[in-house]
């Protein structure tokens, strides 16, 4: 019996085609949509398994390649030093505005997907946590889950290292779930405190969890993987999305079409 279906589509963006992988329940019906952002390594095995996990809980999940302007479609960066160097290089080579137009393209695609209710959320890991945070600024995003969102505290996303993510917090109308590892050197205590203070000052609707875990505790490859924390974190994410997005077979609202090539 087939439980999940998956395919990819090349979405049209102002900076070129963006390969986007789609994971969804095989059962007929409509399901809420989730824009899932990867780490700097793009759509790796752990990211695919995370997408499949979400889809298996009743969501249509779209995972874009965040560096589509610079790497050929289907490119996966290795979990090693050269892969990390390349991913970090591209993180600050890409224009901030391009990250935002990418988000709008995926959200429009999900909103128009025939198997999606039009109820949308975002989720991301590492740089993806930051991108999910920014994508939640779009109207109609009802919830966002951000796993150890890097560079959020220091405005270091995109070319020029001057992103405005914290300043734009009031644009986020949905509920936020922020998850962090206390032993994560990329987001130290003072950085987490800065983000928390900014969310509190904006009177945001958010839940905050700090775990005794390292950076990449969610990734099910490598020595920093913590299965217990991953299970807790993913459970919290599913709970948020079910509560805020509903559990399928809801009418589509506010869907906007997008251009794509399906395969």
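The values are calculated or read from the model by the stated rules, or taken from the named source; none is laboratory data. Bear in mind the structure is a predicted one, so any value in this text is a computation, not a measurement. Glycine also receives a Cβ, built like all others from the backbone with ideal geometry; neighbour counts cover every protein chain displayed.
Which ones in segment 37-55 are in a helix (DSSP H, G or I), out of contact with any strand residue (DSSP E or B) (no Cβ under 6 Å at 6 or more places or on another chain) and farther than 14 Å from residue 230 by Cα?
Going through segment 37-55, the residues in a helix (DSSP H, G or I) turn out to be 45-55.
Filter once more, keeping what is out of contact with any strand residue (DSSP E or B) (no Cβ under 6 Å at 6 or more places or on another chain): 45-50, 53.
45, 48, listed by residue number.
Please verify whether residue 110 is outside any strand (DSSP E or B) and either closer than 26 Å to residue 232 by Cα or at pLDDT 95 or above (or both), treating the condition exactly as stated. Outline the logic, then answer.
Values: outside any strand (DSSP E or B): yes; either closer than 26 Å to residue 232 by Cα or at pLDDT 95 or above (or both): yes.
Yes, satisfied.
Keeping to segment 1-51, report how many residues are without any contact (Cβ under 8 Å) to a residue 60 or more places away in the chain, in contact with a helix residue (DSSP H, G or I) (Cβ under 6 Å, 6 or more places away or on another chain) and farther than 26 Å from residue 176 by Cα.
Residues in segment 1-51 being without any contact (Cβ under 8 Å) to a residue 60 or more places away in the chain, in contact with a helix residue (DSSP H, G or I) (Cβ under 6 Å, 6 or more places away or on another chain) and farther than 26 Å from residue 176 by Cα: 1 in total.
If you scan segment 52-74, which residues turn out to be within 15 Å of the chain's Cα centre (by Cα) and either in contact (Cβ under 8 Å) with a residue 40 or more places away in the chain or surrounded by fewer than 19 Cβ atoms within 10 Å (Cβ to Cβ) (or both)?
52, 53, 54, 55, 59, 60, 62, 63, 64, 65, 66
Looking at (1) outside any loop (DSSP other than H, G, I, E, B); (2) surrounded by fewer than 24 Cβ atoms within 10 Å (Cβ to Cβ), can you tell me which one residue 77 breaks?
(1)
Residue by residue, here is whether (1) out of contact with any strand residue (DSSP E or B) (no Cβ under 9 Å at 6 or more places or on another chain); (2) surrounded by fewer than 24 Cβ atoms within 10 Å (Cβ to Cβ); (3) assigned to a loop (DSSP other than H, G, I, E, B) holds:
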site	(1), (2), (3)
101	yes, yes, no
119	no, no, no
124	no, no, no
138	no, yes, yes
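Return the pair list, or none, for Cβ contacts closer than 6 Å from residues in segment 186-208 that are more than 16 Å from residue 146 (Cα to Cα) to residues that are surrounded by fewer than 16 Cβ atoms within 10 Å (Cβ to Cβ), at least 6 apart or on different chains.
Here the result reads 202/170, each pair linking segment 186-208 to a residue that is surrounded by fewer than 16 Cβ atoms within 10 Å (Cβ to Cβ).
Do we find that residue 23 is part of a strand (DSSP E or B) and modelled with pLDDT of 95 or more in this structure? Talk me through it step by step, then tell me what you get.
Details: part of a strand (DSSP E or B): yes; modelled with pLDDT of 95 or more: yes.
Yes.
Could you say whether any residue in segment 115-134 is on the phi < 0 side of the Ramachandran plot and modelled with pLDDT under 95? Write out each step before concluding.
Taking segment 115-134 as the starting set, the residues that turn out to be on the phi < 0 side of the Ramachandran plot are 115-117, 119-125, 127-134.
Imposing the further condition that a residue be modelled with pLDDT under 95 reduces the set to none.
No, segment 115-134 contains no residue that is on the phi < 0 side of the Ramachandran plot and modelled with pLDDT under 95.
Give 157, 142, 177, 131 a once-over and let me know the one that is within 15 Å of the chain's Cα centre (by Cα), more than 25 Å from residue 216 (Cβ to Cβ) and either touching a residue at least 60 places away in the same chain (Cβ under 8 Å) or surrounded by fewer than 20 Cβ atoms within 10 Å (Cβ to Cβ) (or both). If you could, list the steps in order and put the result at the bottom.
On the way: 157 fails: more than 25 Å from residue 216 (Cβ to Cβ); 177 fails: more than 25 Å from residue 216 (Cβ to Cβ); 131 fails: more than 25 Å from residue 216 (Cβ to Cβ).
Only one candidate qualifies: 142.
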